[in-house]
Amino acid sequence: MTTPEATPEAGQPRPEERLEQAVRAAEQALIEFEIAVETFRVEVENFSRLHHQKLGPMYARLDELDAQIAEARAARTGDPEDLRRAEEARARVLPMPGVEELFHGWMDGNGLFPEAVAMLTDQQVRPPERVRPSDEARKLYRELARQAHPDLAQEDDERARREEFITRVNAAYARGDEVLLRELAEEWAAGPAPAERRPSPSEELYARLEWLAARKEMLTSLAGELENGAIGSMLRMAPDDPDRLLDEIADQLLAEVAQKEAELAQLVG
């Protein structure tokens, strides 16, 4: 006697439908995860820029003082070991930058930035501004990322259109440009409606789940690198007020500079 083939109970979704629901849920979860990772990446990038602008000169001063102290001590003792330490300390001091390094961040394909023109013409130079996206910019970015994410496309042409659009969205968000984000939201709303999903065979759905899992693994690795890096670790120490953390580090460095200057004065005095 043969056993009848199992059939879905009345009102229950078919296995293919459940699999498709799982794929859609995984896609949405991945998009939310990508938004979180990209948001943190922008925060790390902005904080890194501020860290370099505010603390970079202090670190350079400490390196120079270390070299001068080692050289003064070597000049006093003449000891070969002190001479070696002095050479190593001097080698750690950053050399004078070349022309390309001097203009890094001041010039692009269109010529000098306005700040560079002001500096070269003895006009007042506007200090660098912190790029911190507003709450509204964050909201607009999240909405656009959810609506236009390339992973929601099934056709190559639609994916390419979404990738080009999301690239512009990411650039506007990185600059904290709320006005441009609003314009991009209007552009997306007026554009062609995304193509509806077509039913896919089970094999394609399984392959899609595997791709999503691999993508999430890659993003998890990237998030770990950001969080465990020097700047990410500092941000995690003071997530609500990173500026205060910079001020505290600056105070510590200034105290260290004063201590080393006093040490150098004793050696050369």
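Applying 1/(1 + (r/R0)^6) with r as the Cβ-Cβ distance of residue 81 and residue 255 and R0 = 30 angstrom yields a FRET efficiency of 0.55. Each residue of the range 212-226 was assigned a 3J(HN,Hα) from its phi angle through the Karplus expression (A = 6.51, B = -1.76, C = 1.60, θ = phi - 60°), giving 4, 5, 5, 5, 5, 4, 5, 5, 4, 5, 5, 4, x, 5, 5 Hz with x at Gly and Pro. Averaged over residues, the count of other Cβ atoms within 10 Å places the peptides 261-267, 205-211 in the sequence 205-211, 261-267, highest first. Backbone phi angles across the range 23-38, fed through the Karplus curve with coefficients 6.51, -1.76 and 1.60 (θ = phi - 60°), yield HN-Hα couplings of 5, 5, 5, 5, 4, 5, 5, 5, 4, 4, 5, 4, 4, 5, 5, 5 Hz in residue order; Gly and Pro are listed as x.
Distance between the modelled labels on residue 36 and residue 160, one decimal in nanometres: 3.4 nm (7 Å Cα→Cβ projection). Cross-link partners for residue 216 among the aspartates and glutamates, with Cα-Cα distance under 15 Å and sequence neighbours closer than 8 places in the same chain left out: 27, 32, 34, 38, 151, 225.
What does the extension gain come out to for residue 93 and residue 187, with contour length at 0.36 nm per residue minus their alpha carbon separation? Each step should come with its number before you reach the end.
Numbers: separation 94, 0.36 × 94 = 33.84 nm, distance 5.05 nm.
Full extension of this stretch gives 28.8 nm more.
Values quoted throughout were computed directly from the atomic coordinates according to the rules given, and no laboratory measurement underlies them. The structure displayed is predicted, hence computed values, not measured ones. Here the Cβ is made from the backbone with ideal geometry for all residues, glycine too, and neighbour counts use every protein chain on show.
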